[in-house]
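Take a look at the structure set out below.
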Amino acid sequence: MYKTLMHDDYQKTLVNTLKFEGIGLHTGEKTIVEIKPADANEGIIFKRVDLKKNNIVVANYKNVTSAKLCTTLENKHGVKVSTVEHLLAALYIAGIDNALIEVNSEEVPIMDGSAKVFLEKLYKSEIKKLSKKRKYLRVNNKIELVDGDRRISLEPNNSLEVNFQLNYQNRIIGNQKNKVNFEIDNLHDVSNSRTFCLYKDIEKIKKAGLAKGGSLDNAVVVDENSVLNDGGLRNDKEFVNHKILDLIGDFLLSGYRILGKVTCYQGGHELTNLFLRKLFNYKSSLQVFESKNIIVSKEISHKQSSKIAVNA
Ligand SMILES: [Zn+2]
């Protein structure tokens with residue numbers, strides 16, 4: 001339990017539909033999401049079942065049109081699905097490569113603010129091995145994106161390892177760092193770590209029309225000196241562990257299982273998305289593997305989207 005199923009080279013999907021009910025963090029609306037089986041090479045696809053047409057939104061980094069506080073995907077008809085990252089991270093950790101995700105509103109429910117609820121059900125459900133192999137992606141050399149104070153890089157490595165560091169003025173969050181290898185480490189703490197915010201920012205966030213569904217039930221809230229949630233933190237490094245969870249959810253939007261050593265300082269959804277866009281511009285530095293030892297293609301045919309991802 002709490003390990004990724006990355007050691008297996010074959011793609012996976014679910015056998016049965018999994019259903020979750022909760023509220024949208026930003027919309028505050030009650031939402032139902034159903035995760036359904038899909039064929040090999042279909043990837044992760046969202047379907048807005050509250051809409052009759054143009055309701056398919058593909059989980060791909062090129063379809064990210066907003067990365068402010070959460071990751072929002074949007075199709076060419078302007079149909080959106082937001083706050084996808086914790087569910088995607090759960091699918092990544094559970095080893096699911098292909099799924100149709102039906103959602104009846106614009107936002108995936110926040111549940112408890114982590115991947116815990118999604119993963120508990122995924123771990124109990126039957127998972128099917130498909131006949132096609134996974135596509136791993138590895139870099140030949142270090143690729144880095146620096147944006148002011150923030151930076152993220154990916155270096156050659158045979159497994160996915162994420163080194164993350166936060167640096168907040170707040171003394172409770174402070175300068176927290178952690179290193180997680182998704183092939184060998186126990187992922188319990190990363191999976192259970194909740195999204196967080198500063199108490200003093202809540203009013204600002206709500207004025208911007210965001211976090212209408214936010215509460216102490218689905219986010220860690222900190223003031224100058226303490227964690228306001230009953231029971232405090234779930235683990236010592238919950239803040240940075242949540243950022244690592246966000247990062248791997250966003251990495252699944254690459255369409256590959258990325259292998260490499262990630263080093264990230266002060267990053268977030270926006271920086272991760274900018275990084276993926278940069279990564280696929282360095283096609284000659286990328287290798288695609290169908291199993292960890294066999295190179296099937298050095299070329300990747302990704303057309304860059306014309307749409308700019310970021311508004312944060
Ligand atoms: Zn998050």
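The values are calculated or read from the model by the stated rules, or taken from the named source; none is laboratory data. From a predicted model like this one, the values you see are computed outputs, not experimental measurements. Cβ coordinates were reconstructed from backbone atoms using ideal geometry, including for glycine residues, and neighbour counts include every protein chain displayed. Surface accessibility is based on the protein's heavy atoms, side chains included, excluding ligands, DNA and RNA. Shrake-Rupley method; radii C 1.70, N 1.55, O 1.52, S 1.80 Å.
Summary table
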{"item": "Selection status of residue 151, open to solvent by 20 Å² or more (accessible area, probe 1.4 Å), away from the ligand (no atom under 16 Å from the Cβ), under 19 Å from residue 248 (Cβ atoms) and in contact with an Asp or Glu (Cβ under 7 Å, 6 or more places away or on another chain)", "result": "yes"}
{"item": "Those strands (runs of 3 or more DSSP E) lying entirely in the stretch 1-100 with at least 2 residues over 18 Å from the mean Cα position of the chain (by Cα), within 28 Å of residue 181 (Cα to Cα) and hydrophobic (A, V, I, L, M, F, W, C)", "result": "none"}
{"item": "Test: residue 98 is of a type in the set (S, T, N, Q) and open to solvent by 50 Å² or more (accessible area, probe 1.4 Å)", "result": "no"}
{"item": "Qualifying residue in the stretch 194-207 (condition: part of a loop (DSSP other than H, G, I, E, B), open to solvent by 40 Å² or more (accessible area, probe 1.4 Å) and farther than 28 Å from residue 275 by Cα)", "result": "no"}
